[in-house]
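One structure below.
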Amino acid sequence: MSEAPVKWRWSGLAWWPLGIVALLLDQATKLLVHARLALHESIYVLPVLDILHAHNTGVAFSMFNRAGDWKRWLFTGFAVTVSGVILVALRRMPAIQRLQCTGLMLIVSGALGNAIDRLQYGYVVDFIAVHWNDAYFPAFNVADSCISIGAGLILLDAFVEWRRERRVARGQVQ
C-alpha cells in the first residue's frame, strides 16, 4: 500500500525550511543584540560597518517613526496579512519556480520576523549600520535583508522570464 503524495512538497511551500532558517537567524541575532548591547551602543566592525542597537517604531528606513502607537498594530496586521496571502500564493505555485519561491519565502520570513518584534517589544530591533564617513544608511536587520533580497530575487525572476519570452518570440528557442 503506497502513501498518498503530499501536495505541498511540489508547491512553493516546499521552500518552508528556508523561511524557518531565515526567521530563526533574524530572531537569534536580534536577541543577541538586545541582550549584549545597550540602546544606541555600537561595535566597530569595518570602516563602513558597525553593529548598533537601535529601535525602529516605524517601517522601512524609519518612516512613520513618530506616528502614534496605532501604527504598531497596523504594521503588524499588514505583515501578517501579506504573509498569509503570499503563503497561499506559494501553495498554488510549483516548487520548480526556484527564484520566485525563494524570494517570496524570504519576504514572508522577514515580514514575520519584524512582526514578532512589534508584538513583543512595540518596535523592531535594528542593528546593522552601514555608513561612509559620517553618512549613515538607516540601520536594518536580518528580516529587512530577507525582504530586500526576496524582492530582488522576484525582480530577477521576472527579468529572466522576460528574456526567455523575448527569445521565444524571436524564434530563438532555448
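Throughout, read-outs are computed from the coordinates displayed, never taken from laboratory work. Every value quoted in this text rests on a predicted model; they were computed, and no experiment measured them. Virtual Cβ from ideal backbone geometry, glycine too; neighbours counted across all protein chains shown.
What the table below lists for this structure:
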| quantity | calculated |
| --- | --- |
| Positive-end residue of Leu25, Tyr121, Val168, charge dipole of the chain with Cβ unit charges | Val168 |
| Gain on full stretching of the segment that runs from Glu161 to His34 - 0.36 nm per residue minus C-alpha separation | 41.5 nm |
| Global geometry of the chain, whether rounded, prolate or oblate, following the gyration tensor of its Cα atoms and the 1.5 cut on a/c | prolate |
| For segment 12-169, with +1 on Lys and Arg beta carbons and -1 on Asp and Glu, the positive-most of Ala38, Tyr136, Leu74 along the dipole | Leu74 |
| Cβ-based net charge around Glu161, under 13 Å, with every Lys or Arg adding one and every Asp or Glu removing one | +3 |
